[in-house]
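Since the structure comes first, as structure tokens, the remarks are kept for the end.
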Amino acid sequence: MEERRRVPRTIELLELKELNHQPGAGNFLLDHSPLGAKLETRQSFAPGDCLDFSYLRPGEEKATSHWGKVIWVLPSPDKPGYYRMGVEFFRNL
């Protein structure tokens, strides 16, 4: 399969601190780049939905936050009841 990403992603499995201003426990950041991220969540979103999320890296005191638009959604292949989705980050203008 041909790689379609414009920039490389960093694989980093981190539990979300918040997802749409709700506790993020049980939802995960799977990978990210400066342009977007792949999340695994219990909630089903649709392409075009807007969301925001934050996570805390080990050793850091302040959470990292992002907001963006869902580009794609698929059922998680190895976790029944979970969904994987691609999120494109909004850029500040």
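Quick notes on this structure:
- Taking every residue in the stretch 24-52 that is farther than 15 Å from SER76 by Cα and pairing it with any residue that is surrounded by fewer than 18 Cβ atoms within 10 Å (Cβ to Cβ) and among the hydroxyl-bearing types (Ser, Thr, Tyr), at least 6 positions away or on another chain, the pairs with Cβ-Cβ distances below 6 Å are HIS32/THR10.
- For the stretch 6-27, residues that are surrounded by 11 or more Cβ atoms within 10 Å (Cβ to Cβ) and closer than 14 Å to GLY86 by Cβ total 1.
- Residue match in the stretch 51-69 (condition: surrounded by fewer than 12 Cβ atoms within 10 Å (Cβ to Cβ) and aliphatic (A, V, I, L, M)): no
- Some residue of the stretch 44-61 being in a loop (DSSP other than H, G, I, E, B), at pLDDT below 95 and polar (S, T, N, Q): yes
- Among all positions in the stretch 65-73, there is at least one residue which is of a type in the set (S, T, N, Q) and touching a residue at least 12 places away in the same chain (Cβ under 8 Å).
- Each residue in the stretch 77-90 was checked for being assigned to a loop (DSSP other than H, G, I, E, B) and surrounded by fewer than 16 Cβ atoms within 10 Å (Cβ to Cβ), and 6 pass.
The values are calculated or read from the model by the stated rules, or taken from the named source; none is laboratory data. In this text the structure is predicted, and so the values were computed from the model without any measurement. A quick note on method: Cβ atoms are made from the backbone with ideal geometry, for glycine too, and the neighbour counts reach across all protein chains shown.
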